[in-house]
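Note sheet for the following structure.
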Amino acid sequence: MGRQKTVFICGNCGHQEPKWLGRCPDCGEWNSLIEKSLSGSGKKGKEQSEGNSLPLHAIEPHAGQRVETGMAELDRVLGGGIIKGSSVLVGGEPGIGKSTIMLQLAAGSGVSGKVLYVSGEESPGQLKSRAERIKVQAGDVEILSETRLSAVEKVLERIKPMLVVVDSIQTLISEELGPVPGTVNQIKYCCHELISWCRERGTALFLVAHVTKEGSIAGPKVIEHMVDTVLMFESANTEVRVIRAAKNRHGSVDEIGLFTMTETGLAQISSPSSLFMVQREEEIPPGIAVAPVYEGSRILLVELQALVVPAKGGFSRIYSDRIDAGRVSRIAAVLEKHVGIRFSDQDIYVNVAGGIRLKEVGIELPLAIALYSARTDLPISRGTAMAGELSLAGEVRPIPHVRRRVKACREMGFTRFIGPEGLREEKQEEDGFVRVQGIKQGISAVFQKGRQ
């Protein structure tokens, strides 16, 4: 009879050693190696691991059946609803509303079956108080305040839910991997066990995750690869919440969901066109530009704000957290090269009204115009919006969905739109649509009234 093989696994980083060591050679943690037996190493184990392959043409394609969450904005981000057997990882800063929206999801989803809410951070009494405060009817929701994975699995086998919410995955612990929760090995193992159980039984799984101070999901990156969808919560301002899909195997990653935090939980924002606009009665100050941004399947009008002041200490700095600072630096360099306006001795501050993060290339032309306006102290006339990509050669390049952007601007009362030239067969003359080829031409079109 062969000797049973064992391995020693670090409970902090997952490093494996054939023998016990006092200190992990990978992460340097003391007394973190735990003995674990290796099963299936013999002939029988090899026979059990054999599987049957299928040719691709013989597999019957089937679209996953979607179930509505009860929130149209969340359905939009998920790609149309919840897919049975799928797993979703939800991340966000503390207090942003992850637990609140998960409780609303558990109570309002259209799944046919029981819903299990596993809470490792709150007691059942706390969850009941939140449910009463946000006025949700959670009659079919089972609450389990537990952190042991083995106890969670027993409850899953007993009630066989169709929707499971785990808040949060960092609190779960498997006794086999040591007494410390939140380690890399604990998170990977608990995620794998829950995802496998739910996928085999067609149960939808939502995992709430903590985030680091940099804003990324805490724990190993591998858990983001294990799940089907990764949703990130962002706080646009004191009340507005934005949900983005960083990964989605069952839908697009371009859509965003917009919510506002109220006394009764998270409420959907159905008409967000002017949500990120600042309403002013007086004239628009220098450094302000309006851009129609394409997010998923809708257009949002956002206000870009720029401030340029002399650099302190002779070193120029860029302060921008809603738009990538590297992009701001590149736009400033293009203006220096092709317009002849100097930014190398200036501190640049860039902000987006409402606090939404922007990554689309269509904001580059309005960002350049806002920087020019702030540097020259020339305000942009009211009723002017713009969009376009800016190349290093100073060209204004085409962007997608120009027609929809123009239409959205007109609906909000804007009379002029500065944008790139379209296809040659398109109608070139259009009321209020000024087509430009380069940044110099764009600046002339925007400030032609101010120069008269």
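The values are calculated or read from the model by the stated rules, or taken from the named source; none is laboratory data. All of these numbers come straight from a predicted model, not from anything done at the bench. All Cβ positions, even for glycine, are placed from backbone atoms using ideal geometry, and neighbour counts span all protein chains on display.
Can you say whether GLU60 is of a type in the set (D, E, K, R), over 17 Å from ARG249 (Cβ atoms), in the same structural domain as ILE143 (by TED's automatic domain parsing) and at pLDDT below 95, as far as the supplied structure shows? For GLU60, the condition - of a type in the set (D, E, K, R), over 17 Å from ARG249 (Cβ atoms), in the same structural domain as ILE143 (by TED's automatic domain parsing) and at pLDDT below 95 - is not met. Of everything in the range 182-192 that's in a helix (DSSP H, G or I), in contact with a Leu (Cβ under 9 Å, 6 or more places away or on another chain) and over 13 Å from VAL164 (Cα atoms), which residue is modelled with the highest pLDDT? It comes out as CYS190. Counting the residues of the range 53-83 that are outside any loop (DSSP other than H, G, I, E, B), in contact (Cβ under 8 Å) with a residue 60 or more places away in the chain and among the aliphatic types (A, V, I, L, M) gives 7. So which pairs qualify, if the first residue must be in the range 363-380 and on the phi > 0 side of the Ramachandran plot, the second must be of a type in the set (A, V, I, L, M, F, W, C) and surrounded by fewer than 24 Cβ atoms within 10 Å (Cβ to Cβ), the Cβ gap must be under 8 Å, and the two must be at least 6 apart or on different chains? Listed pairs, sorted by first residue: none to list. The lone criterion from (1) buried (at least 18 other Cβ atoms within 10 Å of the Cβ); (2) in a strand (DSSP E or B) left unmet by VAL334 is number (2).
All of GLY313, GLY326, GLY355 fail the test of being assigned to a helix (DSSP H, G or I), small (Gly, Ala, Ser) and in the same structural domain as HIS401 (by TED's automatic domain parsing), apart from GLY326. Restricting attention to the range 363-376, the residues that are of a type outside the set (A, V, I, L, M) and crowded, with 24+ Cβ neighbours inside 10 Å total 4. Evaluation of LYS154 against the conditions (1) free of Cβ contacts under 8 Å to residues at least 12 places away in the same chain; (2) among the basic types (Lys, Arg); (3) in contact with a helix residue (DSSP H, G or I) (Cβ under 9 Å, 6 or more places away or on another chain) shows that the sole unmet condition is (3). Determine the pairs where a residue that is touching a residue at least 12 places away in the same chain (Cβ under 8 Å) and among the aromatic types (Phe, Trp, Tyr), located within the range 202-214, has a partner that is buried (at least 18 other Cβ atoms within 10 Å of the Cβ) and not in a strand (DSSP E or B) with Cβ atoms under 9 Å apart, the partner being 6 or more residues away or on another chain. Short answer, once both residue conditions are applied: PHE206/MET102; PHE206/LEU105; PHE206/ALA106.
Take GLN279 and decide whether it is surrounded by fewer than 19 Cβ atoms within 10 Å (Cβ to Cβ) and in contact with an Asp or Glu (Cβ under 6 Å, 6 or more places away or on another chain). When the stated conditions are applied, GLN279 does not pass them.
Annotation: of all residues in the range 157-169 being touching a residue at least 12 places away in the same chain (Cβ under 8 Å) and out of contact with any Asp or Glu (no Cβ under 9 Å at 6 or more places or on another chain), the one that is nearest to ASN31 (Cα to Cα) is ILE169. For the range 84-181, the helices (runs of 4 or more DSSP H) that sit wholly inside it and include 3 or more residues that are of a type in the set (D, E, K, R), over 23 Å from the mean Cα position of the chain (by Cα) and farther than 16 Å from THR69 by Cβ are 124-133, 149-159. When the criteria are applied in full, ARG382 fails the requirement of being of a type in the set (Lys, Arg) and either surrounded by 16 or more Cβ atoms within 10 Å (Cβ to Cβ) or modelled with pLDDT of 95 or more (or both).
One line per residue, one yes/no per condition, for (1) at positive phi; (2) part of a helix (DSSP H, G or I); (3) of a type in the set (Phe, Trp, Tyr); (4) surrounded by fewer than 16 Cβ atoms within 10 Å (Cβ to Cβ):
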| residue | (1), (2), (3), (4) |
| --- | --- |
| SER196 | no, yes, no, yes |
| GLU200 | no, yes, no, yes |
| GLU214 | no, no, no, yes |
| PRO220 | no, no, no, no |
| PHE233 | no, no, yes, no |
| ALA267 | no, no, no, no |
| PRO272 | no, no, no, no |
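The residue that is modelled with the highest pLDDT, among those in the range 245-255 that are surrounded by fewer than 19 Cβ atoms within 10 Å (Cβ to Cβ) and assigned to a strand (DSSP E or B), is LYS247.
Scanning the range 269-289 for residues that are in contact with a Ser or Thr (Cβ under 8 Å, 6 or more places away or on another chain) and either within 24 Å of GLU73 (Cβ to Cβ) or of a type in the set (Gly, Ala, Ser) (or both) returns ILE269, GLY287, ALA289. With respect to being in the same structural domain as GLN186 (by TED's automatic domain parsing) and under 18 Å from LEU266 (Cβ atoms), LYS135 fits the description. Give the range 274-302 a look and list any residue that's part of a loop (DSSP other than H, G, I, E, B), in contact with a helix residue (DSSP H, G or I) (Cβ under 9 Å, 6 or more places away or on another chain) and more than 21 Å from VAL446 (Cα to Cα), or say none. Matches in the range 274-302: GLY296, SER297. Summed over the range 287-323, residues that are surrounded by fewer than 15 Cβ atoms within 10 Å (Cβ to Cβ) and of a type outside the set (Gly, Ala, Ser) total 7.
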